[in-house]
Amino acid sequence: MTHYDARGLALSTDQAAVAAYGQALDLFNSLRLDPVAVLQPALEQDPDFIAGHQMMAGFMLSAIDAQLLPAARASLAAAAASRRRPDERERSFQAALQAWADGDMGGANRLLDRHLVDHPRDLFALQLTHMADLVLGQSSMLRDRIGRARSQWSADDVGYGYVLGMHAFGLEECNEYGRAEALGQEALARNPQDTWAVHAVAHVYEMQGRTAEGIRWLTTETSLWQQDNALAVHNHWHLALQHLRNDDHASALALYDRVVAPGPAAMALDLVDASALLWRLGLRGVDVAARWRVLAPRWRDQAAWGWSVFNDVHAMLALVGAGEPASIETGRRAMAAVPDSAPAPWWKQAQTLCDAVMAFGEGRYGHCAQLLLPLLPVAHGFGGSQAQRSLIFLTATEAARRAGDEALWQALTGEARARVTAAAGHRPRLRPKPRLEAA
Ligand SMILES: [Fe+2]
């Protein structure tokens, strides 16, 4: 009973389960809800469907939320318990997913490296690895892994548009903005449901400082991502960033209250966006203390200290914002206890980053800037996108301003102007230096 998916991958199950697998994959590719609900009945119908259980495990792992690790491990155990013999592709994928579920995302990523060399048309594995590359801060692989696989695809293949959308995002993260925008648009012309392609183009506008286009893009030019989509909060976060570029704090706050503030079902990724937006508003002097006090308990309940550097630092932002010394201490101790042998090498830097965040919260701005300056050249290890990591740079800049460190503030604001100028492809213009005003 071997059947094949739309790209020719062998799936050992019945025809109905193959159809469910394909439908769940298409939902996952476009980040629409709810692929789990589509796949689950197929697994109940055929409990020996190895690739189906692996897909379910991948759904759980892709959320980057430690609360879902037990479910991921249960799915992998179900795959291992199948009465069918796994083929080479299934064995290879199982090993990688197991490493990820055991806490070694870096090791999983290396196994997926080879898996995708041997199976470049395994679209689920390709997207999952793309997400791992993002979390691990592997910018060049966001581009090159997709480029490597793309040569084994043809434009007529089912799902090829999603490959283009991922390539667009990878190109954007590698500062190739023109190609990224063109590929993102091409992906969307093929499939308007491709939320990742919408997101890739939104990143282009953000990095090039094209504020009006960015707002139009996420309000009037695209809309399918706004409902029932796992990226709805994050793309609204991008829209809020464009409002902040316009110094339109009211619109950013309204978006926070309407969409970004976590609802009951919010997962860690949503809490990350909430922390990141409130922190940026706070850097701009907007009073968000009441919102921090609502957000912090969510992190207290959902933080899984020591599993994700990126999540832990965003949890710390909320705890510092809300002024919760006991919870801050819990987090600090848990992060300090992560062994040096842990797969994500950025734990030590993350502790420094947390110390800097605490210093900022306590008004020790000079110390904050001093801690952050050496982190700027190695910030990619924090993971996430360039736009997300710029939080570190923005904090250093504002700390320098509030500390009255004119030289550092001039240096960092000059760096930021030069970066946007270069990204936009403009020739640099000589402008009079702005003066630092007393905080
Ligand atoms: Fe993003």
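Any read-out appearing in this document is the output of simple, stated calculations on the displayed coordinates, not a laboratory observation. Keep in mind that what you see is a predicted model, and the values were worked out from it rather than measured. In this analysis, Cβ positions are derived from the backbone assuming ideal geometry, glycine residues included, and neighbour counts consider all displayed protein chains.
Structural remarks
- Residues in the range 2-8 carry Karplus couplings, in order, of 7, 10, 10, 7, 5, 10, x Hz; the curve used is 6.51 cos²θ - 1.76 cosθ + 1.60 with θ = phi - 60°, and Gly or Pro positions show x.
- For the peptides 371-377, 160-166, the ranking by packing is 160-166, 371-377, with the highest mean count of neighbouring Cβ atoms within 10 Å listed first.
- A crude spin-label estimate for the pair R284 and D14, with each label 7 Å from Cα along the Cβ direction, gives 5.6 nm.
- Estimated FRET transfer efficiency (A334, L33; beta-carbon r; R0 45 Å; 0.05): 0.90
- Length-normalised contact order for the chain - Cα pairs under 8 Å, 6+ apart - percent: 11 percent
- The range 240-423: relative contact order in percent, alpha carbon pairs under 8 Å with at least 6 residues between: 15 percent
- Value of [θ]222 nm, deg cm²/dmol, for the chain, DSSP H segments ≥ 4, -39500 (n - 2.57) each, nearest 500: -21000 deg cm²/dmol
- Peptides 59-66, 125-132, 15-22 ranked from most to least packed, by the mean per-residue count of other Cβ atoms within 10 Å: 125-132, 59-66, 15-22.
- Taking each residue as 0.36 nm, the span from Q40 to A422 lengthens on full extension beyond its C-alpha to C-alpha distance by 132.7 nm.
- Which of T395, T413 has the fewest Cβ neighbours within 10 Å, and the rest in rising order: T413, T395
- A quarter of the convex hull surface defined by the alpha-carbon atoms of the chain gives 20.4 nm² as the mean projection.
- Sorted ascending by nearby beta carbons within 10 Å, beginning with the fewest, H53, H3 become H3, H53.
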